[in-house]
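Enquirer: Below you will find the structure I want to go over with you.
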Amino acid sequence: MKEITIRDAVLGDIKIAGVQKEIIDDPNFQRLRYIRQTGFLYLTYPGANHTRFEHSVGTMKVTSGICEVLDIDNEELVLSGLLHDIGHAPFSHQSEDTIYKYTGKNHEQIGIEIMKESSIRDRISDSTLSYKKVVGYMKGRTPSEIISGPVGADRIDYLVRDSYYTGTAYGMIETDRIKSKMAIHNGKVGIKESGIQVAESILIARYYMFMSAYIHHNTLIAGGMFNRALELAIGAGEIDPSSVSKENDYSIMEKLMRSETRAADIAKNIMERRLLKRVYYKPAYNSNVLNTAKEAISGLGIDPEKVIVRLIKLKGSTDDINVIDKRGKVIGKLSQMSDMFTKLKDTLQNKSMLLVAADAKERRRISEALSKAL
């Protein structure tokens, strides 16, 4: 099959051929062109219109580069890098909690189902590659950490890509240097002893991208409004929750705007960027703060549709990685050898953010109630 070249704004030229091209051309993969990588972040950063499509292709290239550095010849692993986000639903992670609530499945599980039930399975099976191995890597089989680990291809690509399209500098990391400092021991991916600072840099970059972009209050408010609209439409029987993962950003919003419930007004407000207003968004160190805030607001008799109360937990507190010396032996974990990393893990583990947003008319009353309660 003729080789093609995808010109990527972040990673440069990406060569595609064989079953990779067949899968990219598959309608199930093409759907990713219409799912924004960063959900509703474009409402704050107008350039953040990049998609799961380009991220998936980029992850495949980064996976291939890591395999080359580690002297691993594994086309199935590279292909699973391409397919790792095939199960993402509209607006990426923004809709995942609602889908899980109704189906009990996350996007990884849904991705495997999509592959199994679609022409993607046939395309892989008809090639020289093993469909069973690809699925195994998507389920976490070693060495899938090359894709999904703390310094894996997925994270490397999305940090650089999201930083580029949002115009922020926090996610700009040295991808080639990171790859050169990776090592493998008994099938487990690690970082060379000389690469401790490199590992620190990617984990710190992710933290700052979360604080400056991923959990920006407007992104979370829009996401909360979207999920409320989605639940209203599901509750009215207008949308089947098991079919949401087959939709894209545009098709799901069209369905919501045609709803006969209040979902239509909510969807229209999102499209016109008439969002609920931030009332409170501060660090929360008390595990009971969410219930306290909800109780304080419920006593005001405000329409629940006009209030969003969310506790945002920072991700990454469970991240860790083996450190490998020049002889190829594991000499410890990054958490044991990096004070900076340990402090960051503690911060992520103990810190949450409480967000309260409401209709502009109710801001003052809610603010006063929260001031007394918190």
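The values are calculated or read from the model by the stated rules, or taken from the named source; none is laboratory data. For clarity, every value in this text was computed on a predicted model and none was experimentally measured. So basically every Cβ, Gly included, is an ideal-geometry build from the backbone, and we count neighbours across all protein chains shown.
Enquirer: Quickly run through the range 79-112 and pick out the residues that are in a helix (DSSP H, G or I), among the aliphatic types (A, V, I, L, M) and in contact (Cβ under 8 Å) with a residue 40 or more places away in the chain. Give the steps one after another, and end with the answer.
Expert: First pass over the range 79-112, keeping only residues in a helix (DSSP H, G or I): 79-83, 92-103, 107-112.
When the remaining residues are screened for being among the aliphatic types (A, V, I, L, M), the result is 79, 82-83, 99, 110, 112.
Passing the criteria: L79, L82, L83, I99, I110.
One line per residue, one yes/no per condition, for (1) touching a Leu at 6+ places or on another chain (Cβ under 7 Å); (2) among the β-branched types (V, I, T); (3) on the phi > 0 side of the Ramachandran plot:
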{"site": "N291", "(1), (2), (3)": "no, no, no"}
{"site": "A296", "(1), (2), (3)": "yes, no, no"}
{"site": "I312", "(1), (2), (3)": "yes, yes, no"}
{"site": "T318", "(1), (2), (3)": "no, yes, no"}
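Enquirer: Here is a further query. Would you confirm, using the coordinates I've provided, whether E54 is within 27 Å of G224 (Cβ to Cβ), assigned to a helix (DSSP H, G or I) and at pLDDT 95 or above? Before the answer, list the steps.
Expert: Details: within 27 Å of G224 (Cβ to Cβ): yes; assigned to a helix (DSSP H, G or I): yes; at pLDDT 95 or above: yes.
So E54 passes the test.
Enquirer: Let me ask something else. Looking at A183, A233, can you tell me which residue is touching a Gly at 6+ places or on another chain (Cβ under 6 Å) and either of a type in the set (A, V, I, L, M, F, W, C) or in contact (Cβ under 8 Å) with a residue 24 or more places away in the chain (or both)? Walk me through it before giving the result.
Expert: Details: A233 fails: touching a Gly at 6+ places or on another chain (Cβ under 6 Å).
The match here is A183.
Enquirer: Keeping to the range 37-63, report how many residues are in contact with a helix residue (DSSP H, G or I) (Cβ under 6 Å, 6 or more places away or on another chain) and among the charged types (D, E, K, R).
Expert: The number of residues fulfilling the criteria is 1.
Enquirer: Right, another one. For the structure I just gave you, tell me whether R278 is surrounded by fewer than 15 Cβ atoms within 10 Å (Cβ to Cβ), under 30 Å from K351 (Cα atoms) and touching a Lys or Arg at 6+ places or on another chain (Cβ under 9 Å).
Expert: Working: surrounded by fewer than 15 Cβ atoms within 10 Å (Cβ to Cβ): no; under 30 Å from K351 (Cα atoms): yes; touching a Lys or Arg at 6+ places or on another chain (Cβ under 9 Å): yes.
Spelling it out, it is not the case that R278 is surrounded by fewer than 15 Cβ atoms within 10 Å (Cβ to Cβ), under 30 Å from K351 (Cα atoms) and touching a Lys or Arg at 6+ places or on another chain (Cβ under 9 Å).
Enquirer: Tell me, which residue of the range 347-370 that is of a type in the set (D, E) and touching a residue at least 12 places away in the same chain (Cβ under 8 Å) is surrounded by the fewest Cβ atoms within 10 Å (Cβ to Cβ)? Give the derivation first.
Expert: From the range 347-370, those of a type in the set (D, E) are 359, 362, 368; that's our starting set.
Then keep just the ones that are touching a residue at least 12 places away in the same chain (Cβ under 8 Å); that gives 359, 362.
Details: D359: 15, E362: 19.
Among those that are of a type in the set (D, E) and touching a residue at least 12 places away in the same chain (Cβ under 8 Å), it is D359.
Enquirer: Residues of the range 129-157 being free of Cβ contacts under 8 Å to residues at least 60 places away in the same chain and among the hydroxyl-bearing types (S, T, Y), which ones?
Expert: Once the filter is applied, which keeps residues that are free of Cβ contacts under 8 Å to residues at least 60 places away in the same chain and among the hydroxyl-bearing types (S, T, Y), the range 129-157 yields S130, Y131, T142.
Enquirer: Could you say which residue among A267, A205, A284, A296 is of a type outside the set (K, R), touching a residue at least 40 places away in the same chain (Cβ under 8 Å), crowded, with 18+ Cβ neighbours inside 10 Å and in contact with a strand residue (DSSP E or B) (Cβ under 9 Å, 6 or more places away or on another chain)? Walk me through how you get there before you give the answer.
Expert: Details: A267 fails: in contact with a strand residue (DSSP E or B) (Cβ under 9 Å, 6 or more places away or on another chain); A205 fails: in contact with a strand residue (DSSP E or B) (Cβ under 9 Å, 6 or more places away or on another chain); A296 fails: in contact with a strand residue (DSSP E or B) (Cβ under 9 Å, 6 or more places away or on another chain).
Only one candidate passes the filter, namely A284.
Enquirer: In the range 170-197, what count of residues is obtained for those that are within 19 Å of the chain's Cα centre (by Cα) and of a type in the set (G, A, S)?
Expert: 1
Enquirer: Take the residues in the range 16-50 that are polar (S, T, N, Q) and surrounded by fewer than 20 Cβ atoms within 10 Å (Cβ to Cβ); name whichever of them is farthest from R274 (Cα to Cα).
Expert: At the first step, the residues of the range 16-50 found to be polar (S, T, N, Q) are 20, 28, 30, 37-38, 44, 49.
Within this subset, residues satisfying the condition of being surrounded by fewer than 20 Cβ atoms within 10 Å (Cβ to Cβ) are 28, 30, 44, 49.
Working: N28: 32, Q30: 30, T44: 13, N49: 19 Å.
Of everything passing the filter in the range 16-50, N28 is farthest from R274 (Cα to Cα).
Enquirer: State yes or no: is S64 of a type in the set (S, T, N, Q) and either at pLDDT below 95 or at positive phi (or both)?
Expert: On the way: of a type in the set (S, T, N, Q): yes; either at pLDDT below 95 or at positive phi (or both): no.
Here the answer is no, as S64 does not meet what is asked.
Enquirer: Looking at the range 198-206, is at least one residue in contact with an Asp or Glu (Cβ under 7 Å, 6 or more places away or on another chain) and either closer than 14 Å to T261 by Cα or not β-branched (V, I, T) (or both)?
Expert: yes
Enquirer: Which of (1) at pLDDT below 95; (2) under 17 Å from the mean Cα position of the chain (by Cα) is the odd one out, the single condition R33 does not satisfy?
Expert: Here R33 meets the rest and fails (1).
Enquirer: Any idea how many residues of the range 5-47 are part of a loop (DSSP other than H, G, I, E, B), of a type in the set (A, V, I, L, M, F, W, C) and in contact (Cβ under 8 Å) with a residue 40 or more places away in the chain?
Expert: Keep residues of the range 5-47 that are part of a loop (DSSP other than H, G, I, E, B), which gives 9-11, 17, 26, 35, 37-38, 44-47.
Now restrict to residues that are of a type in the set (A, V, I, L, M, F, W, C): 9-11, 17, 35.
Then drop every residue that is not in contact (Cβ under 8 Å) with a residue 40 or more places away in the chain, which leaves 9-11, 35.
Of the residues in the range 5-47, 4 are part of a loop (DSSP other than H, G, I, E, B), of a type in the set (A, V, I, L, M, F, W, C) and in contact (Cβ under 8 Å) with a residue 40 or more places away in the chain.
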